[in-house]
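Everything below concerns the one structure shown next.
The values are calculated or read from the model by the stated rules, or taken from the named source; none is laboratory data. Computed from a predicted structure; not experimentally measured. Cβ placement follows ideal geometry from the backbone for every residue including glycine, while neighbour counts extend to all protein chains displayed. The area values use the complete protein model at the heavy-atom level, side chains included, leaving out ligands, DNA and RNA. Shrake-Rupley method; radii C 1.70, N 1.55, O 1.52, S 1.80 Å.
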Amino acid sequence: MARSAILNVMVQAAMKAGRSLSRDFGEVQNLQVSMKGPGDYVSQADRKAEEILFTELSKARPGYAFLMEERGLIEGDDSQHRWIVDPLDGTTNFLHGIPLFAISIALERQGQIVAGVVYNPAMDELYTAERGGGAFMNDRRLRVAGRTKLIDTVIGCGVPHLGRGQHGNFLIELRNVMAEVSGVRRLGSASLDLAYVAAGRMDGFWETGLSAWDVAAGILLIREAGGFISDFAGGQNMLDGGSIVAGNETIQRALLKTVRKPVTPR
Ligand code: 2AM
Ligand code: CA
Ligand code: CA
Ligand code: CA
């Protein structure tokens with residue numbers, strides 16, 4: 001598999017930040033942790049990884065703008081390009097010693113996501129995609145799962161955490177989905193959830209209340225693996241709207257209908 005120069009830059013940056021996360025994951029009890037809000041933690045590990053990504057990406061492409069979880073928006077001279085970065089997606093897992101976390105890097109060109117990397121250093125799984133070039137895990141080409149009946153599927157979701165609200169809506173969505181699928185999973189890292197859908201490990205995924213850095217790279221992975229994605233309204237406003245429903249063409253459509261079913265007393 002030949003990677004373009006820009007994807008190579010992203011992979012090298014992700015690996016370097018991944019080494020930093022792996023070191024910190026080994027000594028997680030010594031990390032300084034602070035709370036940004038209820039149930040919303042950030043650690044030195046998040047900040048160090050973000051620093052590495054910012055340094056590496058700006059060295060390789062000076063002037064590109066950034067949108068990063070911890071630093072926020074950083075303007076650039078180049079109005080065409082923007083990096084969308086989550087240095088540690090799944091901080092709660094990380095701080096609990098659960099190896100389900102990832103670095104997520106997407107590159108936007110004129111408002112379109114053209115390259116994406118999701119890297120889980122604990123499992124050494126590197127997911128990459130370029131627009132029109134397919135999606136890969138390490139060197140293996142990815143394809144979304146082919147199941148077409150909801151009853152046969154395993155569907156991932158995100159559970160709203162303390163302070164995020166929408167718990168009531170989530171319980172309705174969950175009840176709707178549980179009634180129609182084979183199993184429901186919750187990994188705790190949205191970028192990995194989307195990578196797992198791209199890899200065909202989960203047949204679909206839904207979550208609300210997400211940010212652009214959680215989903216930007218994963219969206220491209222799924223599209224390039226032949227999958228479909230929409231927001232909860234069926235549109236394509238996933239980056240700003242924060243809601244997402246994914247799967248193959250049939251499952252995505254069915255899942256969207258299922259999660260949005262009105263409540264029926266039972
Ligand atoms: P994070 O670990 O980068 O914060 C899990 O459902 C998803 O929600 C993860 O992608 C996680 O990203 C995000 N998340 C977890 N806790 C959060 C919080 N308190 N506020 C916003 N996003 C959160
Ligand atoms: Ca966070
Ligand atoms: Ca995140
Ligand atoms: Ca994060």
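What the table shows:
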{"item": "Dipole in debye (nearest 20) - the range 5-141, about Cα centre, beta carbon charges: Lys, Arg +1; Asp, Glu -1", "result": "260 debye"}
{"item": "Relative contact order computed over the chain (Cα-Cα under 8 Å; 6+ residues apart), in percent", "result": "16 percent"}
{"item": "Rounded, prolate or oblate (a/c below 1.5 giving rounded, otherwise prolate when a/b exceeds b/c) for the chain by Cα gyration tensor", "result": "prolate"}
{"item": "Portion, in percent, of the accessible area of the chain that falls on carbon or sulfur, probe 1.4 Å", "result": "49 percent"}
{"item": "Estimated inter-spin distance, Ala233 and Leu162, nm [label 7 Å along Cα→Cβ]", "result": "3.3 nm"}
{"item": "FRET efficiency for Glu249 and Asp77, using Cβ-Cβ distance with R0 set to 35 Å, rounded to 0.05", "result": "0.30"}
{"item": "In Å², nearest 10: area of Glu56 left accessible to a 1.4 Å probe", "result": "40 Å²"}
{"item": "Difference of contour (0.36 nm per residue) and Cα-Cα distance, Met123 to Asp139", "result": "4.3 nm"}
{"item": "Most to least accessible of His96, His161 (protein chains only, probe 1.4 Å)", "result": "His96, His161"}
{"item": "Distance (nanometres) between label positions extended 7 Å along Cα→Cβ at Lys36 and Asn8", "result": "3.3 nm"}
{"item": "The range 5-141, relative contact order in percent, only Cα pairs under 8 angstrom and at least six apart counted", "result": "20 percent"}
{"item": "All aspartates and glutamates inside 16 Å of Lys257 as judged from Cα atoms, apart from same-chain residues fewer than 8 positions distant", "result": "Glu173, Glu180, Asp203, Glu207, Asp231, Glu249"}
{"item": "Exposure rank, largest accessible area first [Ile98, Ile74; 1.4 Å]", "result": "Ile98, Ile74"}
{"item": "Dipole magnitude of the chain about its Cα centre (Cβ charges: Lys, Arg +1; Asp, Glu -1), debye to nearest 20", "result": "720 debye"}
{"item": "Extension gain (nm, one decimal) between Ile172 and Met15, 0.36 nm per residue minus Cα-Cα", "result": "52.6 nm"}
{"item": "Charge dipole (the range 150-259, unit charges on Cβ, about Cα centre) - positive-most of Ser243, Ala216, Leu174", "result": "Leu174"}
{"item": "Span-rule helices in the chain, defined as complete DSSP H runs reaching 15 Å or more along the axis (Cα) with Kyte mean at least 0.0", "result": "5-26, 167-178, 212-224, 249-259"}
{"item": "Label point distance in nm, Asp240-Ser182, each placed 7 Å from Cα along Cα→Cβ", "result": "3.9 nm"}
{"item": "Nearest-20 debye value, the range 127-173 charge dipole, Cβ charges on Lys, Arg, Asp, Glu", "result": "140 debye"}
{"item": "Glu51 accessible area, assembled protein chains, probe 1.4 Å, Å²", "result": "90 Å²"}
